[in-house]
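Participant: One structure, pasted below without further comment.
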Amino acid sequence: MTEMWTPALAGVAAGLGVAMPLGAVGVLLVQQGMRDRRGARAAASAVAVVDMAYAAVATTLGPLVAAALSGVEAWVRLASAAVLLGIAAHGLRASRHTAEPAASPQPPQPPQTAGRTFLRFAALTFINPATALYFAALTTAQGTALSGAAAGTVFVAGVFFASLAWQQLLVAASGAAGARASDTVRKWTFRIGYGLVAVYAVKLALPLP
């Protein structure tokens, strides 16, 4: 069982890395939490399920790609780390200019059913290409470490539970605060989340070829 801790912790770190930056979907989730707590919980679950699905597909294909590139594993790791560092750098740079959008009065709307809210947030998360690129780079670089069914399953489970825990925490916090996430909060979630991505990239790159 001890050998499963490595992919489990890797999955948790990957899940937090993709979930913590408070982008457009995160802001919508916060706003949903202030309007309809039940719908927001469904929305949080939808985001986590899509993160899990992307992780599962990438975990299945990543080791196959790594096997096809056998003999140049170190360079695959380095290229994947470069992609992740690029994602992190772009996110951290964006966090310096993140501004809270101006409020616009909107007429009150009846809450959607939890099922419709789930589908809406699943679609919004699914069309985010950065999530797919993130997991593709991460799992390709880890190649043999995730090649076994057990290790891959544990990794994907770690991604799901970390993402779900963060999204549900976001919903609970938004409901308790009763106000939109401030510009400062958004900036720090970007910095922490993309900081995790950068740390993970450095870990993948070492040792250098």
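The values are calculated or read from the model by the stated rules, or taken from the named source; none is laboratory data. Predicted model, so just to flag it, every value in this text is computed and none were measured. SASA here: full protein model, heavy atoms, side chains in, ligands and nucleic acids out. Shrake-Rupley method; radii C 1.70, N 1.55, O 1.52, S 1.80 Å.
Participant: Restricting to the range 158-174, what's the tally of residues that are open to solvent by 30 Å² or more (accessible area, probe 1.4 Å) and either within 21 Å of TYR54 (Cα to Cα) or of a type in the set (Gly, Ala, Ser) (or both)? Talk me through it step by step, then tell me what you get.
Facilitator: First pass over the range 158-174, keeping only residues open to solvent by 30 Å² or more (accessible area, probe 1.4 Å): 160-161, 164-166, 168-169, 172-173.
Filter once more, so that each one left must be either within 21 Å of TYR54 (Cα to Cα) or of a type in the set (Gly, Ala, Ser) (or both): 160-161, 164-166, 168, 172-173.
Final tally of qualifying residues: 8.
Participant: Given the range 1-79, what helices (runs of 4 or more DSSP H) lie entirely inside it while holding 3 or more residues that are farther than 15 Å from LEU119 by Cα, modelled with pLDDT under 85 and open to solvent by 50 Å² or more (accessible area, probe 1.4 Å)?
Facilitator: Filter on the range 1-79 gives 24-35, 37-68.
Participant: Hey, another quick one. Going through the range 156-209 one residue at a time, which ones are at pLDDT below 70 and among the small types (Gly, Ala, Ser)?
Facilitator: ALA177, GLY178, ALA179, ALA181, SER182, GLY193
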